[in-house]
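Only one structure is covered here, and it is reproduced in the block below.
The values are calculated or read from the model by the stated rules, or taken from the named source; none is laboratory data. These numbers were taken from a predicted model, which means no experiment stands behind them. So basically every Cβ, Gly included, is an ideal-geometry build from the backbone, and we count neighbours across all protein chains shown.
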Amino acid sequence: MKRAPALSDRAMVLRISPYGESDSVVLLFTAREGVTPALARRARSASTKRLAMVLEPFHTLTVELQRSSGELSSLKSATLATARTPLLERPERLDAAGLATRWT
């Protein structure tokens, strides 16, 4: 069976949930697809800590997703497009950003 081409899009991380020993399920809000769950393989393993650092809420990422026959896409890559570090400077900003992601 032929695989669908990977989709490149801009996204925000809404939630990250551990899955198995080293994987994570990442709930993304993408520009084209809206809310999209994706499996990030080895996101929590020691060899890919760099990927784990990029997968933080509130920042805009450029992601590459591979569609699958199930409900989860596969997150192939994620790079930081826009860092929103001022949100981390004051607790009330962080609370407001958290509320916005819960609304999404």
Next item on the list: Kindly provide the set of residues from region 2-46 that are on the phi > 0 side of the Ramachandran plot and assigned to a loop (DSSP other than H, G, I, E, B), ordered by number.
Entry: Gly20, Arg42
Checklist line | Neighbours by Cβ (under 6 Å, 6+ apart or cross-chain): first from region 81-95, within 19 Å of Ala11 (Cβ to Cβ); second of a type in the set (Gly, Ala, Ser) | finding: Leu87/Ala97
Checklist line | Of all residues making up region 49-94, the number that are at pLDDT 85 or above and in a helix (DSSP H, G or I) | finding: 2
Next item on the list: Mind telling me which of the residues Ala78, Ala100, Ala43, Ala31 ends up being surrounded by fewer than 16 Cβ atoms within 10 Å (Cβ to Cβ), of a type in the set (Gly, Ala, Ser) and under 26 Å from Pro5 (Cα atoms)?
Entry: Ala31
